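Here is the structure we will look at.
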């Protein structure tokens, strides 16, 4: 199971939000580039970068920093936040990003989602951010009245092989992963799923590891790494097949 460190950006700084609330911002004393270098040096297989300014404004706002991260580390970098058009996605890919995370427009424009999934395939990944069992959009400020089962049907029809799932009530709260929601998502499709939100301890990683056989591919970890409640190497070891902490 992959362990993917997250770097969230606001104003060029490394931050973390609680439940996606911009007025509950935690700012960390490490630059985004240094954070990426640190996580890569400790064995991360991928870096997950979220442009929170972009998510709120509806267009990418920190792509220059993302590009600098790409140049700094030798592992794949994925990024999302504010990507609403094909040209914006292509611009990020041209900067060396391995794949772009798409959310808001996917749930408002099914044709766009279908077309870009068929065109760019593994170079994009859809993110299903859930609040009260509905997709959340616009930097998590709004929800769309679409049933989750309908969304999963779309993804399957589009040929999507992998997705990110975030339960917003757990995100940035260190309260543990949404095991119930993940079980439902995994049971409803053959897609590989990456979980985001809630991780605080190595035991939480072990809990998610138990879902690997059902299709859980990895977990994105943010606040816990920056606040030291879990070490990246410790998490990586817990995600290995032997679940060893050695």
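Given axes a ≥ b ≥ c from the Cα gyration tensor, I'd like to know whether the range 2-239 is rounded (a/c under 1.5), prolate (a/b larger than b/c) or oblate.
It comes out rounded by the Cα gyration axes.
Taking a ≥ b ≥ c as the square roots of the eigenvalues of the Cα gyration tensor of the range 20-88, is the shape rounded (a/c under 1.5), prolate (a/b larger than b/c) or oblate?
On the way: a/c = 2.27, a/b = 1.30, b/c = 1.74.
Oblate, because a/c is 1.5 or more while a/b does not exceed b/c.
Separation of the range 64-85 and the range 213-230, taken as the distance between their Cα centroids, equals 19 angstrom.
Under the definition of Cα pairs under 8 Å and six or more residues apart, what whole-number percent is the relative contact order of the range 136-213?
Values: 79 pairs, mean separation 24.0, N = 78.
Normalised by residue count, the contact order of the range 136-213 is 31 percent.
As a rough footprinting exposure proxy, the listed residues 23, 129 were ranked by other beta carbons within 10 Å of their own, and the order from fewest upward is 23, 129. Each DSSP beta bridge with both residues in the chain is either parallel or antiparallel, and the antiparallel ones are about 25%.
Taking a ≥ b ≥ c as the square roots of the Cα gyration tensor eigenvalues, the range 163-215 comes out oblate, since a/c reaches at least 1.5 and a/b does not exceed b/c. Highest mean packing comes first when the peptides 217-226, 186-195 are listed by Cβ atoms within 10 Å, giving 217-226, 186-195.
What value, in deg cm²/dmol to 500, does the helix sum -39500 (n - 2.57) over DSSP H runs of n ≥ 4 give at 222 nm once divided by the residues of the chain? Let's see the in-between values first.
Numbers: 10 runs with 86 residues, N = 246.
After summing the helix terms and dividing by the residues of the chain, the value is -9500 deg cm²/dmol.
Spin-label model, residue 13 to residue 94: label points 7 Å out along the Cα-to-beta-carbon direction sit 3.2 nm apart.
Read-outs throughout are calculated quantities, based only on the coordinates presented, and are distinct from any laboratory measurement. The structure presented is a predicted model; accordingly, all values stated were derived computationally and were not measured. Every residue, glycine among them, receives a Cβ derived from its backbone with ideal geometry; neighbour counts consider all protein chains shown.
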